[in-house]
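Participant: Got a structure for you, questions after.
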Amino acid sequence: MLKGKTALVTGSTSGIGLGIALSLARQGANIVLNGFGDVDAARAEVTRLGVRVGYHGADMSRPAEIDALMAYAHNEFGGADVLVNNAGIQHVANVEDFPVEKWDAIIAINLTSAFHTTRLALPGMKAKNWGRVINVASTHGLVASAQKSAYVASKHGIVGFTKAVALETATTGVTVNAICPGWVLTPLVQKQVDARAQNEGVPVDEAKRRLLAEKQPSLQFTTPEQLGELTVFLCSDAAANVRGVAWNMDGGWAAQ
Ligand code: NAD
């Protein structure tokens, strides 16, 4: 379905971003990876699917590096037809104890980076009259939790950004949408599980159960593979008139 197209997925060396990159690659899209950590393992996993794979190590908190990432995608792949703004970080603390530099980093990576990638990708998409921008928000783009003020602000912000750009592109072949995962067991959430196990003096499995029981009625983690397939749907022709939605996949979290 996506043969001949290129998907740029930010923060795709692990977790949800890697899951989305793999699903898009299974549809034949060439992939531009981004992120830190075990880049070689991520690249090998996507390459096994027989598509062309590039990588750029831009730090998504730095606009000049984002410029370089987008120039790389343009020069090496003819631009991003599918842009998945996924890179994101978390920090948990009450607002009066929230480190200022953590607030700035969360807003820069989770929200402002999507402004930069989108403004740079849109002219190419509009010229081809086809494009998909998919912003990985969160259930925290729809509802809040205590001790996550920066994350909740960034995710509500990206849902608003999604709607505004969807309106600006509404008469074009470019669609702009957000997906809102509930709990997904990635390194980002494993840190919160481990902290809970330690604070509450319980085994890690019990900490996972408590984490889910608090918010996610299905008592199941959403998986990167499921989010990858939702992304594939949003890239399909059937989704050509899906615009400006914030689509949750959260085991019923936001339905409560
Ligand atoms: P993760 O920690 O597994 O992956 C984050 C990715 O972002 C990694 O590839 C990492 O290298 C990259 N990254 C981090 N900082 C970066 C930076 N400055 N520049 C470039 N890349 C950077 O986390 P995840 O759980 O897969 O999260 C991915 C997205 O999904 C985030 O936007 C997160 O907010 C969102 N999300 C996660 C959950 C969940 O339960 N895990 C739920 C809702 C939304």
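Participant: So residue 118 clears everything in (1) within 12 Å of the ligand (Cβ to nearest atom); (2) touching a Phe, Trp or Tyr at 6+ places or on another chain (Cβ under 9 Å) except one condition, right? Which one?
Facilitator: The one condition residue 118 does not meet is (1).
Participant: Report every pair of residues separated by at least 6 positions or lying on different chains whose Cβ atoms are under 7 Å apart, first residue within region 162-177 and assigned to a loop (DSSP other than H, G, I, E, B), second open to solvent by 30 Å² or more (accessible area, probe 1.4 Å).
Facilitator: 170/243; 172/126; 172/129; 173/129; 173/130
Participant: Just give me the residues in region 20-41 being more than 20 Å from residue 112 (Cβ to Cβ) and open to solvent by 10 Å² or more (accessible area, probe 1.4 Å), in sequence order.
Facilitator: 22, 26, 27, 28, 30, 37, 38, 39, 40, 41
Participant: Got a sec? Which of 12, 61 is within 12 Å of the ligand (Cβ to nearest atom) and open to solvent by 40 Å² or more (accessible area, probe 1.4 Å)? If you could, list the steps in order and put the result at the bottom.
Facilitator: Details: 12 fails: open to solvent by 40 Å² or more (accessible area, probe 1.4 Å).
When all the criteria are applied, what remains is 61.
Participant: Looking only at region 91-104, decide whether some residue is within 12 Å of the ligand (Cβ to nearest atom) and of a type outside the set (Asp, Glu).
Facilitator: So far as region 91-104 goes, yes, one or more of its residues are within 12 Å of the ligand (Cβ to nearest atom) and of a type outside the set (Asp, Glu).
Participant: Now a separate question. Restricting attention to region 199-248, which residues are part of a loop (DSSP other than H, G, I, E, B) and either at pLDDT below 95 or over 19 Å from residue 172 (Cα atoms) (or both)?
Facilitator: 201, 202, 203, 216, 217, 218, 219, 220, 221, 223
Participant: Report every pair of residues separated by at least 6 positions or lying on different chains whose Cβ atoms are under 6 Å apart, first residue within region 32-51 and free of Cβ contacts under 8 Å to residues at least 12 places away in the same chain and away from the ligand (no atom under 15 Å from the Cβ), second open to solvent by less than 50 Å² (accessible area, probe 1.4 Å) and of a type outside the set (Ser, Thr, Tyr).
Facilitator: 47/53
Participant: For residue 244, indicate whether it is open to solvent by 10 Å² or more (accessible area, probe 1.4 Å) and small (Gly, Ala, Ser). I'd like the intermediate steps shown before the answer.
Facilitator: Details: open to solvent by 10 Å² or more (accessible area, probe 1.4 Å): yes; small (Gly, Ala, Ser): yes.
Yes: the conditions hold for residue 244.
Participant: Check region 85-101 and report whether any residue there is more than 25 Å from residue 139 (Cα to Cα) and of a type outside the set (Val, Ile, Thr). Walk me through how you get there before you give the answer.
Facilitator: Quick first cut of region 85-101, residues more than 25 Å from residue 139 (Cα to Cα) only: none.
Among the residues of region 85-101, not one is more than 25 Å from residue 139 (Cα to Cα) and of a type outside the set (Val, Ile, Thr), which makes the answer no.
Participant: Filter region 60-116 down to the residues that are within 25 Å of residue 199 (Cβ to Cβ), not small (Gly, Ala, Ser) and not in a helix (DSSP H, G or I) and list them by number.
Facilitator: If the condition is that a residue be within 25 Å of residue 199 (Cβ to Cβ), not small (Gly, Ala, Ser) and not in a helix (DSSP H, G or I), then 89, 90, 91, 92, 94, 98, 99 are the ones that fit.
Participant: While we're looking at this one, here's another question. Can you tell me which of (1) in contact (Cβ under 8 Å) with a residue 24 or more places away in the chain; (2) open to solvent by 70 Å² or more (accessible area, probe 1.4 Å); (3) assigned to a helix (DSSP H, G or I); (4) not hydrophobic (A, V, I, L, M, F, W, C) is the one residue 3 doesn't meet?
Facilitator: Answer for residue 3: the failing condition is (3).
The values are calculated or read from the model by the stated rules, or taken from the named source; none is laboratory data. Values in this document were obtained by computation on a predicted structure and should not be read as measured data. Here Cβ is always computed from backbone atoms with ideal geometry, including for glycine, and neighbour counts include all displayed protein chains. Heavy atoms of the whole protein, side chains included, go into the accessibility calculation; ligands, DNA and RNA do not. Shrake-Rupley method; radii C 1.70, N 1.55, O 1.52, S 1.80 Å.
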